[in-house]
Structure formats: C-alpha cells, structure tokens
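The structure under discussion appears below in the form of structure tokens.
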C-alpha cells in the first residue's frame, strides 16, 4: 500500500471517528473520555485548569463557588471568551515551528484560529506556519500564526491577518453541513 493510500485511509477513519463521537450522547462521550483517560480524571482536570488563562480560571472558580446545585457550563464559558464560533473538524495539517516541519490534525477552526492536536513541546508566543485544505476549497490554505497556549492534547493557534478570501473560505466551511 502506498503512503498516499495509507494517509487517505487514515483520514477516512479519523473523519468517521469524529462523526461517530460527535453523534454520541453526552453520557457516552463522557464514558469514552473516562476510558481514554484511564481513570486519571482529577489529574487531567488539574492539567487542563492549569493551562487555562487567568480569566478562564476566575470564571470557572466563580461558577464552582455559586453552589453544587449549579452545573458548570464550560461550553458557555469557552464561547463567551471567544470572539468567533468554532467548528469541530478532523483535518490533516502540516505546519512548521522554528524551521521544523510537523504533521498532525486540526480538531477545530474559526476565522481567528484553530486547535491542533500535538504532543510536541511548544510554548506560547512561538510563530507557526500552517498548510491545510478545507473540504470545500480546492486550494490549500497557507496561514501564519502564533501559538497562544499549549495544552496536554495540543496547541491553540491565533491566525495572523488573514486575507479576505481565506477568512471567507473558513467561514463557509464552518457554515456548511457536516458530511463525510
């Protein structure tokens, strides 16, 4: 099997997994997450909270202190702290940081930035050059940006001044129906 065929099969499987996981009821998603974390929920929560901005941590603390009867809504908290709607995705991406090339997956995107799955030792402030293709756009997008944060599962990237056509292509991708 050629590398291109293997890559295509891998992409297809990842897209199918992303769709299946997205369609699972939240209770099943939580069970899957618990299984993948191998029971280290508290440790993972501490790591994730440690990687949040001070503002996000303060908002979470406020929600937790409002009482145990109130459910903490991290999705609303996250959306409130962002200026753009993000779309979950599973896109192949190549990127370069400090003249080193990497391949991975983009797990969400907005016209302002993206989340990229990686376990590389990056840090906030590093410049990054991304190249990826949206299913709705034939030409690859080549975007420069900055790593805003590094989490246990990947990096948050802020795009640098996108041309209108790239912003429009991303916005169009976000609005289109999910399909495989």
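The values are calculated or read from the model by the stated rules, or taken from the named source; none is laboratory data. Keep in mind that what you see is a predicted model, and the values were worked out from it rather than measured. Cβ coordinates were reconstructed from backbone atoms using ideal geometry, including for glycine residues, and neighbour counts include every protein chain displayed.
Quick rundown of the values:
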quantity	calculated
Options 32, 45, 59: the member that is within 23 Å of residue 105 (Cβ to Cβ) and either part of a helix (DSSP H, G or I) or touching a strand residue (DSSP E or B) at 6+ places or on another chain (Cβ under 9 Å) (or both)	32
Test: residue in the stretch 88-96 that is at pLDDT below 90, surrounded by 12 or more Cβ atoms within 10 Å (Cβ to Cβ) and part of a loop (DSSP other than H, G, I, E, B)	no
Candidate set: the stretch 149-168, residues that are within 14 Å of residue 118 (Cα to Cα) and in a strand (DSSP E or B); chosen: the one modelled with the highest pLDDT	157
Counted residues, the stretch 27-54 - those being under 27 Å from residue 148 (Cβ atoms) and either loosely packed, with under 11 Cβ neighbours inside 10 Å or in the same structural domain as residue 154 (by TED's automatic domain parsing) (or both)	4
Scan of the stretch 152-171 for residues that are surrounded by 15 or more Cβ atoms within 10 Å (Cβ to Cβ) and either without any contact (Cβ under 8 Å) to a residue 12 or more places away in the chain or outside the structural domain of residue 142 (by TED's automatic domain parsing) (or both), ordered by number	none
Test: residue in the stretch 114-134 that is within 15 Å of the chain's Cα centre (by Cα), farther than 24 Å from residue 163 by Cβ and part of a strand (DSSP E or B)	yes
Residues of the stretch 136-148 classified as in a loop (DSSP other than H, G, I, E, B) and at pLDDT 85 or above, total	2
